[in-house]
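The values are calculated or read from the model by the stated rules, or taken from the named source; none is laboratory data. Just so we're clear, the structure is a prediction, and the values are computed from it rather than from any experiment. Note that each Cβ is placed from the backbone with ideal geometry, even for glycine, and that neighbours are counted across all protein chains shown. Remember, those area values only see protein heavy atoms, side chains included, never the ligands or the DNA or RNA. Shrake-Rupley method; radii C 1.70, N 1.55, O 1.52, S 1.80 Å.
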Amino acid sequence: MALLLAGLTIAHLGVTLFLESDLGSDPFNVLVQGLYRRLPWPGWMTHGRVHLLVCLLIVAALLVIARSYVRIGTVLCMALGGPIIDLWSVPLAPLFHDGLAMGWRLLALVLGCVILAFGMTVVIRSEAGTGPNDLVAVIISDFSKKPFGAVRVLVDGAFALAGWLLGGVVGLGTLVCVGLVGPCAQVFLPVSGRLCSACLKKCGAGPSAER
């Protein structure tokens, strides 16, 4: 659980930098935005509520398809992501303003994607559970025996394309996220695996399973 929380904190630092760069939504939120704009939701539904509903539907499907992947950490990822972003926004938001040069925004975007990828791999290697949208790539990678990085690119691309076709907005940040997070995660997975294994051994929990 400590590894999971550490990974979530790191990952959502990256998410906050990505959001503050204001260069586009991540692929999953493009999908959520498309669904929110296209479907006839009741008036009390918001983007955030549609996001939660989509996550719950993914979890429900995974409970049927691959129940063992849904753990307590899956619920925590859903519940804690927003509050962690809010906490990181306190020190980071004042650094971003309308006059901030594009070069700095691009740097924040790329750095955010790299940090997100590292934090995500710590969450995956914690073996306590992974967020619903991340689990899609994890399960496809495991079942297909294909590298996680390549699968993540395809899944993110599918999210973004589906969202765009439904009316979501694809920005520069979306494209960078699609192309960068998966390959970075592939690089970080062995590093996070060794890190988490060492921590688990110290705690007497045994080595982390290799992916």
Qualifying residue in region 72-91 (condition: assigned to a loop (DSSP other than H, G, I, E, B) and open to solvent by 40 Å² or more (accessible area, probe 1.4 Å)): no
Search result, residues across region 34-48 that are at pLDDT 90 or above, part of a helix (DSSP H, G or I) and either out of contact with any helix residue (DSSP H, G or I) (no Cβ under 8 Å at 6 or more places or on another chain) or surrounded by fewer than 18 Cβ atoms within 10 Å (Cβ to Cβ) (or both): R37, R38
Scope region 64-88; condition free of Cβ contacts under 8 Å to residues at least 12 places away in the same chain and under 14 Å from I124 (Cα atoms); matching residues: S68
Residue among R152, R105 that is more than 20 Å from L31 (Cα to Cα) and not small (G, A, S): R105
Matching option when the condition is touching a Phe, Trp or Tyr at 6+ places or on another chain (Cβ under 6 Å) and part of a helix (DSSP H, G or I), among L31, L52: L31
Criterion violated by I115 - all others in (1) open to solvent by 30 Å² or more (accessible area, probe 1.4 Å); (2) in contact (Cβ under 8 Å) with a residue 40 or more places away in the chain; (3) farther than 26 Å from A162 by Cα satisfied: (3)
Residue within region 44-63 that is more than 22 Å from G168 (Cβ to Cβ), out of contact with any Cys (no Cβ under 8 Å at 6 or more places or on another chain) and without any contact (Cβ under 8 Å) to a residue 12 or more places away in the chain present: yes
Filtered residues of region 153-171 (kept if open to solvent by less than 20 Å² (accessible area, probe 1.4 Å) and either part of a helix (DSSP H, G or I) or more than 24 Å from L109 (Cβ to Cβ) (or both)): V155, D156, A160, G163
Tally of residues being among the charged types (D, E, K, R) and either closer than 28 Å to R38 by Cα or part of a helix (DSSP H, G or I) (or both) across region 55-71: 1
Test result for G149, without any contact (Cβ under 8 Å) to a residue 60 or more places away in the chain and either of a type in the set (V, I, T) or open to solvent by less than 40 Å² (accessible area, probe 1.4 Å) (or both): yes
For L100: the one exception among (1) touching a Lys or Arg at 6+ places or on another chain (Cβ under 8 Å); (2) part of a loop (DSSP other than H, G, I, E, B); (3) open to solvent by 10 Å² or more (accessible area, probe 1.4 Å); (4) of a type outside the set (S, T, N, Q): (1)
Residue selected from region 172-183 under the condition over 13 Å from the mean Cα position of the chain (by Cα) and either surrounded by 22 or more Cβ atoms within 10 Å (Cβ to Cβ) or not aliphatic (A, V, I, L, M) (or both), by the criterion farthest from L107 (Cα to Cα): P183
Among (1) under 30 Å from D22 (Cα atoms); (2) surrounded by fewer than 19 Cβ atoms within 10 Å (Cβ to Cβ); (3) in contact (Cβ under 8 Å) with a residue 24 or more places away in the chain, the one test that M120 misses: (2)
